[in-house]
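J.: Take this structure, written in structure tokens, and hold onto it; I'll ask about it next.
The values are calculated or read from the model by the stated rules, or taken from the named source; none is laboratory data. Note that the structure is predicted; figures quoted are calculated from it, not measured. Note that we place each Cβ from the backbone using ideal geometry, even for glycine, and neighbour counts take in every protein chain shown. What goes into the accessible areas is simple: the full protein's heavy atoms, side chains included, and nothing from ligands, DNA or RNA. Shrake-Rupley method; radii C 1.70, N 1.55, O 1.52, S 1.80 Å.
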Amino acid sequence: GMFLEASLGIFVLFSIILGVGLTSRLKTALKFSWLCKISQIVDKVIQIWCHRPMYMIQALSWSAVNWLIASAQIWLFFLAMGTEITLLTVISLFPLTVFITLLPITPGGIGVRESAFVVFFLPYAELHSSLVASLGYYICNIGLTGLLGVLFINSHMKNEADGNLLGILKGGNR
């Protein structure tokens, strides 16, 4: 509990420092060009949101819709496994699993998402249901969208001089 709160607090504090114009001292102290670029982008976004709050409301609304759809998807995976869990429980716990997944705990985050699902949903679901929900979410949101992206690129490259992407991946049209 405290580790999560401390990590979140450090992240929020760093974001605030970047957002309120204190970045000039931080930029000169750290001398990271990528940090300067990120801080400039964050500065511009905050300025836009301050001058046009409707943009922030729209961004937050789309973000909320995205979280609700992802949570409903996971809830449906749990229901498909015969687990009786409320949508509100999934909406409450799913963002925690995403946050834990972002922490660099293992190389490439291998197994972190599955472990987080098991730990957070253990009071509400059996181990296998949590693993299936986690893997189903991953396959649908990463695997299928990646496959759709490859098919989209392939369909748009058919008329290109270099040939299509699937042909290049198979070793042809070099």
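J.: Does any residue in region 87-99 that is polar (S, T, N, Q) come within less than 7 Å, Cβ to Cβ, of a residue that is surrounded by 14 or more Cβ atoms within 10 Å (Cβ to Cβ) and not in a helix (DSSP H, G or I) six or more places away or on a different chain, and which pairs are these?
T.: Taking only residues 6 or more apart or on different chains, the pairs are Thr89/Tyr124.
J.: Could I ask something else about it? Any idea which residue in region 133-174 is nearest to Leu76 (Cα to Cα), counting only those that are at pLDDT 80 or above, open to solvent by less than 60 Å² (accessible area, probe 1.4 Å) and over 16 Å from the mean Cα position of the chain (by Cα)?
T.: The residue in question is Ala133.
J.: Could we say that Leu96 is modelled with pLDDT of 90 or more, closer than 21 Å to Asn66 by Cα, open to solvent by 30 Å² or more (accessible area, probe 1.4 Å) and under 19 Å from the mean Cα position of the chain (by Cα) here? Break it down into steps so the answer makes sense when it comes.
T.: Numbers: modelled with pLDDT of 90 or more: yes; closer than 21 Å to Asn66 by Cα: yes; open to solvent by 30 Å² or more (accessible area, probe 1.4 Å): yes; under 19 Å from the mean Cα position of the chain (by Cα): yes.
Answer is yes for this residue.
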